[in-house]
Amino acid sequence: MIMDEKNLKQGQIFQERYEIISLIAKGGMGTTYLATDRKNGVKVVLKVLAFSEMGDWKILELFEREIEVLKSLNHPFIPNYIDNFRYEKGSELLFVLVQEYVSGKNLEEVIQSGKRFSEKEIKNILRDLLNA
């Protein structure tokens, strides 16, 4: 995706370790980027929450809770927690969660591409989700 002035820039480096590759998505809880962990060359995901875009302290509370839960989880269907930190970008304060990158399409993308699931496939997906 194209980066704009509101987004982080391709090549920008955080913590002298994480280099932005591209924007993945923007959502209600911030913006998600694909990055490279320069420490080991592995691709990671950075979930970035900008203080200025929080309409409510509850959003930061939920973000911090997500971090704590991810730290305690170890499940094959949930991307692993790697790191978290706060970063100042000019006058902006950013809260960043770093997770394992899992390549592939999300369920919405698969459905939009025209994929129709059989009853058995749906049951398998739901079973995997419930196991997670």
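For the chain, the longest principal axis of the C-alpha atoms and the axis of helix 119-131 are separated by about 50°. Every pair of different Cα atoms in the chain enters the Kirkwood calculation, which places the hydrodynamic radius at 16.4 Å. Using the alpha carbons alone, the radius of gyration of the stretch 1-74 stands to its Kirkwood radius in an Rg to Rh ratio of 0.99.
Considering the zone a paramagnetic label at TRP57 would reach in this model (a point 7 Å from Cα along the Cα-to-Cβ line), which residues of the stretch 77-100 have amide N under 20 Å from it? Counting backbone N atoms under 20 Å from the label point, the list is 86-87, 93-96. Exposed loop sites, defined as GluC sites (Glu not before Pro) outside DSSP H, G, I, E and B with at most 10 other Cβ atoms within 10 Å, are absent from the longest region of the chain, namely 17-132. Extending 7 Å from Cα along the Cβ direction at ILE111 and again at ASP128 yields two label points whose distance is 1.6 nm. The trypsin sites (Lys or Arg not before Pro) of the stretch 11-80 that DSSP puts in a loop, and whose beta carbon has at most 15 other beta carbons within 10 Å, are ARG38, LYS39. The number of Lys pairs in the chain with C-alpha atoms less than 13 Å apart, excluding pairs fewer than 8 positions apart on the same chain, is 5.
The simple spin-label model puts a point 7 Å past each Cα toward its Cβ; for SER103 and VAL69 those points are separated by 2.9 nm.
Here, each number is a calculation from the coordinates, and none is a lab measurement. For clarity, every value in this text was computed on a predicted model and none was experimentally measured. Note that each Cβ is placed from the backbone with ideal geometry, even for glycine, and that neighbours are counted across all protein chains shown.
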